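The next block holds one structure in the form of structure tokens; read it before the comments.
Every read-out reported here was derived from the displayed coordinates using simple, explicitly stated rules and does not represent laboratory data. Not measured: the values here are computed from a predicted model. Quick reminder, even Gly has a Cβ in these numbers, built from the backbone with ideal geometry, and neighbours come from all protein chains shown.
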Amino acid sequence: MGQTDQLRDPGDPYPGPQIPSFLLVNPRSGARRPSTRELSHAAREREIETHVLRPGEEAAEVVPEGIEALGVAGGDGTLAAVAEIALERDLPFVCIPFGTKNHFARDLGFERSDPIGALAAFCGDERRIDVGRANGRLFLNNVSIGLYARLVHRRERHRRRSEALARVRAFLLLLRHREPLGIAIDGEPKETRVALVANNAYVLEQPTLGARERLDEGLLHLYVVRAGVEERTGTRFVVDAAAGRLAAAVDGEPDVLETPIEFRIEPGALRVLIPPDP
């Protein structure tokens, strides 16, 4: 009997995948329980090969050949890079909620507070979902331009100094920046301070504000905040700006995108695995 067999809980209904599986763990995705060590141990018990990313290490450098399912444990900002690898290799993708908000995991139907339970997805059911692109860069949730993007950039710059200080400065930033973005959408000028392009529709009403009911609609939804919220749908949008570049938040991660920005959707491009029903 091997070490894996000795460690496995005989009452576990999902002892492990029947195919070679690989899990990347981002230990910097947020202060979470269980710990990185506990999650990695639980994955290895289920015969899932596991690698904890080190600072500066790129996911593409460590994902081995010969696997048949690829997962990542991290927050929303971690997922897209690994999903891109899964898409390029035509591998099923597994999302393990291990960050602060875990919006994508929620929209997939995962229990966000149970990353160890989410490992069951490695022996779960497959479905296909859409992905978005912004100038070719993959996104799973959304791309924000304007005030929220500025907040994300400011938060990242000050994160290591003081989280409390970063929140105060973010609030002051909201008060100072009242000028519109100066953008045009598909050639039509728009006076707005906030624009967001989403991969599938967001619910704009309580109690599920900010959630998505489906991820396979095959449409982008563009939201422009003016007096209210103007929404349009399509498979492609072009956002331009005279400045030649725009600060953006791509799945919550800061970036600067050269304009014009071409947004498009790839319907059903990504294979994802969902935990089987108990």
Expected vector for the stretch 60-71, Karplus 3J(HN,Hα) from phi with 6.51, -1.76, 1.60 and θ = phi - 60°, integer Hz, x for Gly and Pro, equals 4, 6, 10, 6, x, 7, x, 7, 10, 8, 10, x
Cα-based Rg and Dmax for the stretch 3-123, in Å, come out at 13.3, 39
Order of T235, T50 under a 10 Å beta carbon neighbour criterion, fewest first = T235, T50
For the stretch 235-240, what does the Karplus curve 6.51 cos²θ - 1.76 cosθ + 1.60, with θ = phi - 60°, yield as ³J(HN,Hα) per residue in whole Hz, taken in order and with x for Gly and Pro?
-> 9, 7, 9, 10, 10, 10
Relative contact order (percent, whole number), the stretch 3-123, Cα cutoff 8 Å, 6+ residue spacing | 29
Extension gain V238-E49, at 0.36 nm per residue separation less the Cα-Cα distance, in nm?
-> 63.9 nm
